[in-house]
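What follows is a single structure, written as structure tokens, with notes after it.
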Amino acid sequence: MTSNRIPLILITALFLAGCGNMTSVRENTLHAGWEFREAGMGPWRVADVPGCIHDDLLRHGLIPDPFLIDNERKIQWVEDKRWEYRLEFSIPSEFGRAEHLTLRFEGLDTHADVYLDDSLHLTANNMFRAWEINLDAIAGKGTHTLHVIFHPAAMMDSIAASLLPYRLPDRRAFSRKAPYQYGWDWGPRLITCGIWKPVRLIGWNSVRLTSAGIHADSIKGDTAYMSAEAEVFSDRTRQAIFRLTDSQTGTLISNTSAELIPGQNRMTTAFLIDEPHLWWTNGLGESPLYHFRIEVISGKDRAILEKAAGCRTIKLMTPTDTIGRAFYFRLNGVPVFMKGANYIPMHSFPGRVDSSGMRQLITGAAAAGMNMLRVWGGGIYEDDLFYDLCDRHGILVWQDFMFACNMVPGDSAFVENVRQEAIGQVKRLKGHPCLALWCGNNESEEGWFNWGWQKTLGYTPEDSLRIWEDYRNIFHRILPGVVAGYDGRRSYWPSSPSTGWGHPEALNSGDMHYWGVWWGKEPFEVYGEKVGRFMSEYGFQGFPDMQTIREFMDGGPFDLLSPKLLNHQKHPTGMELIRTYMERDFVVPVNFEDYAYISQIVQAEGIRKAIEAHRRAMPWCMGTLYWQLNDCWPAISWSSIDHQGRWKALHYTAQDAYHNIALSCRQNDRITSVFIVSDSLKPFTARLTTRVTGFDGQKLWKKVSDITVPPQSAVKAMSLSAGELPSAWDPECSFLHAELETTMGIMAETVYYFVKPVHQKLPDARIGYEIRSIASGYQIRLWSDRLARFVRLDASPLQGTFSDNFFDLLPGDTVTARYTTDAAPDEMTKHFQLLHLAETIPDRPQ
């Protein structure tokens, strides 16, 4: 290991590089020419690889679109069949001089037998692992046939389950396959199979670079202590040079030699960066990336990878205090409050996700002020592009291993399968600066202690001991051991949450999933009381955008009891709960479209209460991640961005509530307090102006305060009692408006209402607006003489996104929003429309 000190030139990358140009290593994808059919039956048809059986069947008209109406129910037969894929291929001439030939499947979903020229070469049983076949014996020999047979996952689960003397909570535990594809309370049951990731033909000579990464080990003063490591496969004992270069300047950083042994080798080197440009999260600073070239040279053979790195340190801190156990992340030595959401797979069939859709989603998360996404353990380890985009946008990733709400088998084959899966994923992802934490599972430990499995499944004491020991072996030994051995710089957390939400101690220690709201039917106001140390899950459902509903309902009719609609509501009491909460806070509309609109507002306002309470509790609480960012299909769900990429009211609310500097209010015993929350690393002085105004614009009360806001703080800035207000004040038709202003302008503002919308005497607002063409679409300026609540802008069926929406238009104020679209002006004029809350109230006096 060597240590070199050099100045590096900084660039900000659009996305990370993967494999760069390689000398002595050649690579082709084998994607064209695949065919599929039901195993042993019918004609062969053209297949898409990467892809899955459902997509292939749909493309050939053999099944209806499972995302429309209730078609999902009509195609459940697909999961019961065996399916086969085949490809005839020849070794390209440019591979002729390669000494070794490797066939690599980046992902097979899930139980697959792979034949080469009628000889079984591979049996795969894990969609989260890459699988390789040595093709040295066929190099340069004519045409060959690949044949892949997929066995039904549900059938394989049943066979494995029958071998145990007890039942696990769910049979999906036996397949290392994305659990959500079996169905969840927001997603369909579409148990697919297929070649879901790329297939690569790799030709190489003496050495092959299989993985590499650059890391910041520590940052002290103006110096970053960095290390580079690479895993190299060698065909025999040989000398090799490990070379590290600045990709942008060509500056040589390190040039070390080592002896390689046959098989896998790990090579490392250390270096320093003077005055490094630190990688910060979204909102705290820039997220710059350094670019490097890693080379391994042996004789005339050379393997090359291009890699990028962020200069930062990250650590989960869980110190014990007098009340419990804290839970926060320290970035570059600074505690940072995490703001974000839980992420699920973007599609039931992951191969269908394209780069533009993923870019749109992560850009939307960044636009909402998020600095962390939790990749939930019931989905998939995401594509490299997901982590590349999070690197670029300064969004940290809490990465679950793919286990959720279940226990695990404990046989040696299963455990080793999990270990190899974890090794592969840790090695693939550890070089990303966005990666903050490895977490063993989602809610499995909570389920074991709180969901009554031992009783409902009839476990004997011996059964319970064995199942718990099998659990501990994977989540307290195997997975933390892999993280320590392959990514020792990052923290490991065995299960999220730390304790179930029904236990008082859950509020005092570790991370918390709070579902008293929704599952417990508690009112939204409870969010202000139930605040844990780190809120890693909580949420509420809302309908998707009305245009999305029109699309999956295939034109209607639109009825809350329609089977077509209800098939897209997967929670057993979801419709009942949405209405229950709506009745508490709003006048329930009779029109379907109004109902969908109000459902989004109920969702958004409920989650706003949670976010504001969590942020006001800083530093007791140091993170808020709502459930959930996105959908895997068009559904009535907890998402803030629906499956079609359309922002729901919740996402606009998050954009407001996640501002680095934010105002919020809390009422207690007729006293309303205004709080300032700042994530800024520096103090600042500001002027807080608070007004109470009537819905008609009448000025009732005003107060101006100058205040110094400490860094990373939540402070009560002002309190107002009802007795201070004039006799003309009516809480049912007035609001409090607070603005925080510095020399740079308005930093934050909030509007607070003294009673719930159901009790508000909303006026007939006359909204004026004008639309002006701009470079990226249109600018809409709106104004009103009276209060208009939750103004929704809509231009359906045009494709585009409003910069602001579902906002309150205060009397006498102007709001300007942008609509990003390529629609023509006449189309924009034709389709643009407004809606506000007062217009949805049935039988309302005019």
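The values are calculated or read from the model by the stated rules, or taken from the named source; none is laboratory data. No experiment lies behind these values; they were computed from the predicted model shown. In this analysis, Cβ positions are derived from the backbone assuming ideal geometry, glycine residues included, and neighbour counts consider all displayed protein chains. Just the protein is used for accessible areas: all its heavy atoms, side chains included, with ligands, DNA and RNA removed. Shrake-Rupley method; radii C 1.70, N 1.55, O 1.52, S 1.80 Å.
Annotation note: Cβ proximity below 6 Å between a residue of the stretch 698-725 that is over 27 Å from Ala617 (Cβ atoms) and a residue that is among the aromatic types (Phe, Trp, Tyr) (sequence gap 6+ or interchain) occurs for Leu700/Trp729; Leu725/Trp701. List pairs: first in the stretch 209-220 and hydroxyl-bearing (Ser, Thr, Tyr), second in a strand (DSSP E or B) and open to solvent by less than 50 Å² (accessible area, probe 1.4 Å), Cβ under 8 Å, 6+ apart or cross-chain? Here the result reads Thr210/Glu231; Thr210/Val232; Ser211/Ala230; Ser211/Glu231; Ser218/Ala224, each pair linking the stretch 209-220 to a residue that is in a strand (DSSP E or B) and open to solvent by less than 50 Å² (accessible area, probe 1.4 Å). If you check Glu231 against the conditions, is it of a type in the set (Asp, Glu), open to solvent by 30 Å² or more (accessible area, probe 1.4 Å) and in contact with a strand residue (DSSP E or B) (Cβ under 9 Å, 6 or more places away or on another chain)? No: the conditions fail for Glu231.
Among the residues of the stretch 638-652, the ones that are of a type outside the set (A, V, I, L, M), open to solvent by less than 10 Å² (accessible area, probe 1.4 Å) and more than 15 Å from the chain's Cα centre (by Cα) come to 1 in all.
Limited to the stretch 481-521, what total is found for residues that are on the phi > 0 side of the Ramachandran plot and touching a residue at least 60 places away in the same chain (Cβ under 8 Å)?
Of the residues in the stretch 481-521, 1 are on the phi > 0 side of the Ramachandran plot and touching a residue at least 60 places away in the same chain (Cβ under 8 Å).
Listed here are the residues, each with its yes/no results for (1) under 20 Å from Ala178 (Cβ atoms); (2) open to solvent by less than 10 Å² (accessible area, probe 1.4 Å).
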{"site": "Pro409", "(1), (2)": "yes, yes"}
{"site": "Gln420", "(1), (2)": "yes, no"}
{"site": "Pro433", "(1), (2)": "no, yes"}
{"site": "Trp451", "(1), (2)": "no, no"}
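Within the option set Gly283, Gly250, being part of a loop (DSSP other than H, G, I, E, B), open to solvent by 10 Å² or more (accessible area, probe 1.4 Å) and free of Cβ contacts under 8 Å to residues at least 24 places away in the same chain holds for one residue only, Gly250. If you go through the stretch 296-307 and keep only what is surrounded by 22 or more Cβ atoms within 10 Å (Cβ to Cβ) and either out of contact with any Gly (no Cβ under 7 Å at 6 or more places or on another chain) or within 25 Å of Leu625 (Cα to Cα) (or both), you end up with Val296, Ala303. Considering Arg792, Arg786, the condition of being modelled with pLDDT of 95 or more and in a strand (DSSP E or B) is satisfied by Arg792 alone. For the stretch 809-834, what are the residues that are of a type outside the set (A, V, I, L, M, F, W, C), in contact (Cβ under 8 Å) with a residue 60 or more places away in the chain and open to solvent by 30 Å² or more (accessible area, probe 1.4 Å)? Across the stretch 809-834, the qualifying residue is only Gly812. The numbered conditions (1) in contact (Cβ under 8 Å) with a residue 60 or more places away in the chain; (2) surrounded by fewer than 23 Cβ atoms within 10 Å (Cβ to Cβ); (3) not small (Gly, Ala, Ser) are all true for Leu577 except (1). Restricting the stretch 319-334 to residues that are in contact with a Phe, Trp or Tyr (Cβ under 8 Å, 6 or more places away or on another chain) and within 18 Å of Arg374 (Cα to Cα) leaves a set whose member that is surrounded by the most Cβ atoms within 10 Å (Cβ to Cβ) is Phe327. The residues of the stretch 181-219 that are out of contact with any Ser or Thr (no Cβ under 8 Å at 6 or more places or on another chain) and either acidic (Asp, Glu) or modelled with pLDDT of 95 or more (or both), listed by number, are Tyr182, Gly183, Trp184, Asp185, Arg189, Ile191, Gly194, Ile195, Trp196, Lys197.
Those strands (runs of 3 or more DSSP E) of the stretch 320-438 in which at least 1 residues are of a type in the set (D, E, K, R) and out of contact with any Asp or Glu (no Cβ under 9 Å at 6 or more places or on another chain), considering only elements entirely within it, cover 328-331, 396-400.
Rundown of residues vs (1) polar (S, T, N, Q); (2) more than 23 Å from Asp631 (Cα to Cα), yes/no style:
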residue: Gly378; (1), (2): no, no
residue: Gln399; (1), (2): yes, no
residue: Phe403; (1), (2): no, no
residue: Gly410; (1), (2): no, yes
residue: Arg428; (1), (2): no, yes
residue: Glu445; (1), (2): no, yes
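Being crowded, with 19+ Cβ neighbours inside 10 Å and under 24 Å from Glu72 (Cβ atoms) holds for only one residue in Asp185, Asp157, Asp170, and it is Asp157. Of all residues assigned to the stretch 78-94, at least one qualifies as being open to solvent by less than 30 Å² (accessible area, probe 1.4 Å), charged (D, E, K, R) and in contact (Cβ under 8 Å) with a residue 60 or more places away in the chain. Residue count for the stretch 117-136 under the criterion of being surrounded by 18 or more Cβ atoms within 10 Å (Cβ to Cβ) and either outside any loop (DSSP other than H, G, I, E, B) or at pLDDT 95 or above (or both): the result is 8. Leu720 meets all of the listed conditions (1) touching a strand residue (DSSP E or B) at 6+ places or on another chain (Cβ under 6 Å); (2) within 20 Å of Glu612 (Cα to Cα); (3) open to solvent by 10 Å² or more (accessible area, probe 1.4 Å) but one, namely (3).
Out of curiosity, is Thr548 of a type in the set (Ser, Thr, Tyr), within 24 Å of the chain's Cα centre (by Cα) and part of a helix (DSSP H, G or I)? Please lay out each step first, then the result.
Details: of a type in the set (Ser, Thr, Tyr): yes; within 24 Å of the chain's Cα centre (by Cα): yes; part of a helix (DSSP H, G or I): yes.
So Thr548 passes the test.
What about Tyr328, is it of a type in the set (Phe, Trp, Tyr), in contact (Cβ under 8 Å) with a residue 60 or more places away in the chain and within 30 Å of Arg26 (Cβ to Cβ)? When the stated conditions are applied, Tyr328 does not pass them. Scan the stretch 728-771 for residues that are part of a loop (DSSP other than H, G, I, E, B) and open to solvent by less than 50 Å² (accessible area, probe 1.4 Å) and the total you get is 8. When His659 is tested against (1) open to solvent by 20 Å² or more (accessible area, probe 1.4 Å); (2) part of a loop (DSSP other than H, G, I, E, B); (3) more than 17 Å from Arg615 (Cα to Cα); (4) not polar (S, T, N, Q), exactly one condition is not met: (3).
Taking the stretch 95-116, which residues are in a strand (DSSP E or B) and out of contact with any His (no Cβ under 6 Å at 6 or more places or on another chain)?
Here is the first cut: in the stretch 95-116, the ones in a strand (DSSP E or B) are 100-105, 109, 111-116.
Those that are in a strand (DSSP E or B) and out of contact with any His (no Cβ under 6 Å at 6 or more places or on another chain): His100, Leu101, Thr102, Leu103, Arg104, Phe105, Asp109, Ala112, Asp113, Leu116.
Within the stretch 579-618, track down each residue that is within 24 Å of the chain's Cα centre (by Cα), part of a helix (DSSP H, G or I) and hydrophobic (A, V, I, L, M, F, W, C).
So in the stretch 579-618, the residues within 24 Å of the chain's Cα centre (by Cα) come out as 599-615, 618.
Pick out the ones that are also part of a helix (DSSP H, G or I) and you get 599-615.
Matches in the stretch 579-618: Ile601, Val602, Ala604, Ile607, Ala610, Ile611, Ala613.
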